[in-house]
Amino acid sequence: MWPQLPLLYLLVAWPTGAQAQQVSDLLFREYLDPDHLVLLQWGFDSSQGNITFTVSVQTTGWVGFGLSPYGNMINADMVIGGVGPSGIYFTDRHATGQILPVVDTRQSYELLSMTEVEGRTSMTFQRPIQTCDQEDFHITEKPIKLIYAFGETDQIQYHDTRRGTKEVNLLKYMPRVTLPDRDYFNFTMDNFTIPAQKTYYHCKVRKMPRLNVTHHIYRIEPVIDNIDLVHHMLLYGCPGEVTGDYDGPCFTGNVVDSCFRVTAAWGVGGGAFELPEDAGIPIGGTNIDVFYRLEMHYNNPTSEAGRQDSSGLRIFHTSELRRHHVGVLTTGLMVSDKYKIPPGATQFHSYGTCNTSLFSELVQGPVPQMHVFTVFLHTHLAGRRVRSALFRDAEQVDFLAVNEHFDFELQEVTHLGNIKTIQPGQVSVYREGTVGNMKDSPTVSCRDARPPTTRPANATPPATPRPISRGTSATCVPILSVLIGGSALLLLLSGIE
């Protein structure tokens, strides 16, 4: 039974607007953005009672906060409020698409306080955890994608880049324990001049700091110089034949292309990734990858020239080893010029399979169970929905992750909330569907997973086509973190361009 969390409420009077309750102490807090401009605090009295939020944003304009099934506005439940020239305003709304959210028929969220002090707007509000309102999001003991946006004025209009998403388990939140050493190293580009190309991959290979004993990576943070151009990055360990540094384009046939053991990853819209307190990614020691490769994808739709970038990853590590090792396995759609989306296609489905019965060819001894605890789904502009499912004896037994409304600009690691087990001999199927009218577009090449000739069970096509941008490509990279036997394995489902 999850313990009841006491809340302390104080009654205060406001000089303007209605009287409101002020919550003096909310037990949980999480910054929703990497710049620490948007702070969420919350607490609840029981899993069947009320939940109270305080959203504090560095702005004097409107503030929006919501709960979303997909990490974007589609079917999101949200509130919008602020302190305007005429006083306090606050409404419970829901979104039907990428348009201004509609005011709910029933206002399930109750405003407790609203302040605007020294350029920071804070609103405290509460709702029942279960509202029985079809226009509200159903809060459960699983991770929820929280979304936010804010304006520079009190005129509620398009937020531009002032928005984001972060996944948080509201009812079973586990605050991270800060380790005393806080050792870290950065693996970044070095004032690299981004080419004036719409899409470009750059790779940098260098030695890691030498660690004579095994350490555990426990936190991975993005270091972003150009948030509007950096789309995603991957950090790979290199095999022994890579013996020198490299700083140049990726996928040129160079020996560094063999650096393919994924250690860390980040996608646009995501934040820092922290592993469970009993698990870490091993680095250093006697069996070390001397060289690592940072692969950076720059998305430059306007082909802007002259921008310099030193983005990359900050890797936090500790010599205090945790109970489980974490590793990474990649699977999915691989690079190939044989795989093409036909021009004029209104929808297109891609399938990649990972058959665990073949793992015995890769590892010594019996193949253990794999226990999934984290998923990262990734695709590029043409991607519309992404699914990762489990099959046994040609029958689907479970979904590992599903995103029916994928957003290219909001890509976040998803913690499953409970561990899902992949049995030896089970097939993990990754599916990416692209839909839209490509009548006037050139043929799009993708990375090929040699899709099965028969459609897997329960794999239905998308119901609502969405337009595809001219000449875009479909890139799909799901990432799964799993525990294997008594150790942990991060399983990365790999990608295409």
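Residues in region 170-208 that are farther than 25 Å from residue 263 by Cα and within 25 Å of the chain's Cα centre (by Cα) were compared, and the one that is modelled with the highest pLDDT is 198. Looking across region 213-250, the residues that are assigned to a loop (DSSP other than H, G, I, E, B), among the hydrophobic types (A, V, I, L, M, F, W, C) and modelled with pLDDT of 90 or more come down to 213, 224, 229, 238, 242, 250. Looking across region 361-395, the residues that are of a type in the set (Val, Ile, Thr) and touching a strand residue (DSSP E or B) at 6+ places or on another chain (Cβ under 8 Å) come down to 372, 374, 375, 379, 386. Residue pairs whose Cβ atoms lie under 7 Å apart, separated by 6 or more positions or on different chains, with the first residue in region 302-316 and within 14 Å of residue 247 (Cα to Cα) and in contact (Cβ under 8 Å) with a residue 12 or more places away in the chain and the second of a type in the set (S, T, N, Q) and loosely packed, with under 14 Cβ neighbours inside 10 Å, are 310/191; 312/186. Answer yes if at least one residue in region 190-207 is of a type in the set (A, V, I, L, M, F, W, C), in the same structural domain as residue 244 (by TED's automatic domain parsing) and under 28 Å from residue 280 (Cα atoms), and no otherwise. Yes, region 190-207 contains a residue that is of a type in the set (A, V, I, L, M, F, W, C), in the same structural domain as residue 244 (by TED's automatic domain parsing) and under 28 Å from residue 280 (Cα atoms). Among the residues making up region 251-269, those that are at pLDDT 90 or above and either in a strand (DSSP E or B) or buried (at least 21 other Cβ atoms within 10 Å of the Cβ) (or both) are 256, 259. As a summary of the residue check, residue 281 satisfies the conditions (1) in contact (Cβ under 8 Å) with a residue 60 or more places away in the chain; (2) surrounded by fewer than 14 Cβ atoms within 10 Å (Cβ to Cβ); (3) in a strand (DSSP E or B) except for the one numbered (2).
Confirm whether residue 293 is assigned to a strand (DSSP E or B) and surrounded by fewer than 20 Cβ atoms within 10 Å (Cβ to Cβ). It is false that residue 293 is assigned to a strand (DSSP E or B) and surrounded by fewer than 20 Cβ atoms within 10 Å (Cβ to Cβ). Scan region 134-153 for residues that are surrounded by 19 or more Cβ atoms within 10 Å (Cβ to Cβ) and either among the polar types (S, T, N, Q) or out of contact with any Leu (no Cβ under 7 Å at 6 or more places or on another chain) (or both) and report the count. So the count comes out to 7. In region 18-37 there is no residue that is at pLDDT 95 or above, touching a Lys or Arg at 6+ places or on another chain (Cβ under 8 Å), in a strand (DSSP E or B) and not assigned by TED's automatic domain parsing to the domain that holds residue 271. From the list 269, 284, 327, which residue is touching a strand residue (DSSP E or B) at 6+ places or on another chain (Cβ under 8 Å) and within 26 Å of residue 31 (Cα to Cα)? Exactly one residue qualifies, and that residue is 269.
Of everything in region 41-86 that is of a type in the set (Gly, Ala, Ser) and not in a strand (DSSP E or B), the residue that is surrounded by the fewest Cβ atoms within 10 Å (Cβ to Cβ) is 86. Looking at region 388-395, can you tell me whether even one residue there is at pLDDT 75 or above, crowded, with 23+ Cβ neighbours inside 10 Å and among the hydroxyl-bearing types (Ser, Thr, Tyr)? Yes, region 388-395 has at least one match. Scan region 281-302 residue by residue and report those that are closer than 27 Å to residue 225 by Cα and of a type in the set (Gly, Ala, Ser). Scanning region 281-302 gives no hits. Against the list (1) among the charged types (D, E, K, R); (2) touching a Leu at 6+ places or on another chain (Cβ under 8 Å); (3) part of a strand (DSSP E or B), the condition residue 127 fails is (2).
In the set (1) closer than 30 Å to residue 98 by Cβ; (2) free of Cβ contacts under 8 Å to residues at least 40 places away in the same chain; (3) not acidic (Asp, Glu), residue 252 fails one condition alone, (1).
The values are calculated or read from the model by the stated rules, or taken from the named source; none is laboratory data. Keep in mind the model is a prediction, meaning the values are calculated, not measured. Positions of Cβ are generated from backbone atoms using ideal geometry, with glycine treated the same way; all protein chains shown enter the neighbour counts.
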